[in-house]
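Undergrad: Below is a structure I'd like to ask you about.
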Amino acid sequence: MRIPFIDLDRIYRKVKDNIDNAISGVFGSQRWILGPEVEELERTFSDSIGVEAAVGVASGTDALLLSLRAQAISRYNRQFFRRDEYIITTPFTFVATAEAIIRSGATPLLVDIGEDFNISVSEIERAVLSYKNVVGILPVHLYGCPADMEAIMDIASRYDLFVVEDCAQAFGARLSGRCVGGFGDFGAFSFFPTKVLPGIGDGGMIACRDKRNRDILRALRNHGGIDKYDIEYIGYNSRLDSIQAAVIAVYLGYIEEFIKERQRIAEAYISALSGIDNLILPKAEKGNVFNLFTLRLSHPLDRYRVCRELNARGIGAGVYYPVLINEMQGIRDYVVVSGDLNQALKAKDEVLSLPIFPYMEDEEIEYVVDTLRAIVLS
Ligand SMILES: Cc1ncc(COP(=O)(O)O)c(C=O)c1O
């Protein structure tokens, strides 16, 4: 049996007719960039997250960068942050998180993570107290598991910090019934094709709380001005294509089903794999949308050996992430580490992600479970 890490074709086939119609609709209007489909998606997106506004951009990376730029503009009346201003984030994330902070002018201040792989709230507070110039917090809802936003927002309000949530992997994830992306000042989402809410190329969306920031974001994505020759800021070409928006809108209509599917598979993995020595499973929390299903294999189990053997038997397992942000050659001189990163260092050596995608069949889940059990217990 061959089981890919994610099967995009299976998701597409479920809604093929609707997608094909949505794409032909854009050919009908020929308004390829920021067309009516983008405006419509922004409306339904903000309604589904429960925020005032949403602004479509070219990628999740840009969603983070433009959120930070808008924050510098609206809060500090400056276009960029300064290098001596710190934004607290996690070292255990995709590179885009830190890259966006650096490109906004600020310095990522990296703190350790907790058992759920998300940023540690106590380490955030320790960093705020140890460094003078902390301006904001950028938590990542890693793998689809919501970070502890209530505690993070409490720290933010006590120390007067802004919060940008990296929701790239966590569309639809909830805490106490509220969607991620609606807690902080901004929520940055990605429509990269493997995400919970996928596009058919690059795309992103920013959830924001007020119209002023929405207008700044609209200008930033369009070279810094709503009007072509009235340029207010140094901007970007970061517009969302109408075709992307049309397709994402179709997928958005099925999102509850996609999320239930991911949760069903996660629960099946958890119940079938529990009780194995040195194999630590994620918790089956309701708010987790399981963009990735990531477990840890601790000593004497060897994560790379297990991954190789799964791959050899046709299972698309992978490692997210084997390298911390502060270990990346081109990035490390632009970040500062607060405290030790013991949990993150342990996580990067132990994590392994199993295939998970909507409409994965029971026999496929069984094959992954049986194969993993056989490898680990051999
Ligand atoms: C945690 C995280 N942040 C940011 C991004 C960037 O999103 P994009 O690939 O759409 O630029 C990703 C996606 O790959 C991600 O996983």
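Every read-out reported here was derived from the displayed coordinates using simple, explicitly stated rules and does not represent laboratory data. It should be emphasised that the depicted structure is a prediction, and the values quoted were computed from it without experimental measurement. We place every Cβ from the backbone using ideal geometry, glycine too, and count neighbours over all the protein chains shown.
Undergrad: Please report the antiparallel percentage of DSSP beta bridges with both residues in the range 84-159, rounded to the nearest 5.
TA: Numbers: 1 of 9 bridges.
So the antiparallel bridges in the range 84-159 amount to around 10 percent.
Undergrad: Need the full-extension length gain, Ser378 to Glu327, defined as separation in residues times 0.36 nm minus the C-alpha distance. One decimal, nm.
TA: Numbers: separation 51, 0.36 × 51 = 18.36 nm, distance 3.33 nm.
Stretched out fully, the Ser378 to Glu327 stretch lengthens by 15.0 nm.
Undergrad: What area, in nm² and to one decimal, does the C-alpha convex hull of the range 255-377 cast on average over all directions?
TA: Working: hull surface 37.0 nm².
Taking the Cα atoms of the range 255-377, their convex hull projects to 9.3 nm² on average.
Undergrad: By count of other Cβ within 10 Å, fewest leading, how are Ser271, Ser242 ordered? Mind dumping the intermediate values first?
TA: Working: Ser271 12, Ser242 26.
The fewest-first ordering by Cβ neighbours comes to Ser271, Ser242.
Undergrad: If you don't mind, another one. If you take the Cα atoms of the range 257-325, find Rg, then find the Kirkwood Rh from the mean of 1/r over all pairs, what is Rg/Rh? Display every interim value, and only then the final one.
TA: Working: Rg = 13.1 Å, Rh = 13.4 Å.
Reported Rg/Rh, Kirkwood definition of Rh: 0.97.
Undergrad: Report the label-to-label distance for Arg212 and Arg13 in nanometres (one decimal), using points 7 Å from each Cα along the Cα→Cβ vector.
TA: Result: 5.2 nm between the two label points.
Undergrad: Apply 1/(1 + (r/R0)^6) to the Cβ-Cβ distance of Asp20 and Arg264, taking R0 = 30 Å, and write down the FRET efficiency to the nearest 0.05.
TA: Working: r = 27 Å, r/R0 = 0.91.
Once rounded, the FRET efficiency stands at 0.65.
Undergrad: Rank Gly201, Ile226, Val369 by how far each Cα sits towards the positive end of the charge dipole of the chain (+1 on Lys, Arg Cβ; -1 on Asp, Glu Cβ) and give me just the farthest.
TA: Ranked along the dipole, the leading option is Ile226.
Undergrad: Another question about this same structure. Work out the length of the dipole vector of the chain about its Cα centre, built from +1 on the beta-carbon of each Lys and Arg and -1 on the beta-carbon of each Asp and Glu, and round it to the nearest 20 debye. Mind dumping the intermediate values first?
TA: Numbers: 41 positive and 52 negative charges, 119 e Å.
The calculated dipole for the chain is roughly 580 debye.
Undergrad: Moving on to the next point. For the chain, give the share of DSSP beta bridges that are antiparallel, in percent and rounded to the nearest 5; count only bridges with both residues there. Spell out each step's value before the answer.
TA: Values: 22 of 39 bridges.
Expressed as a percentage, antiparallel bridges in the chain total about 55.
Undergrad: Full-extension gain between Glu39 and Ile226, please, as 0.36 nm times their residue separation minus the C-alpha to C-alpha distance.
TA: Contour length minus the Cα-Cα distance gives 65.9 nm.
Undergrad: Over what distance in Å are the Cα centres of the range 306-359 and the range 1-75 separated?
TA: Centre-to-centre (Cα) distance: 27 Å.
Undergrad: Can you show me the helix-derived [θ] at 222 nm for the chain, built from DSSP H runs with n ≥ 4 at -39,500 (n - 2.57) apiece and divided by the number of residues, rounded to the nearest 500. List each step's numbers first, then the result.
TA: Working: 13 runs with 158 residues, N = 378.
After summing the helix terms and dividing by residue count, I get -13000 deg cm²/dmol.
Undergrad: Next question, about the same structure. Over the range 255-377, what is the relative contact order in percent, taking alpha-carbon pairs closer than 8 angstrom and at least six residues apart?
TA: On the way: 138 pairs, mean separation 41.8, N = 123.
About 34 percent, as a whole number.
Undergrad: If you average the C-alpha positions of the range 152-202 and of the range 231-290 separately, how far apart do those two centres end up, in angstrom?
TA: 12
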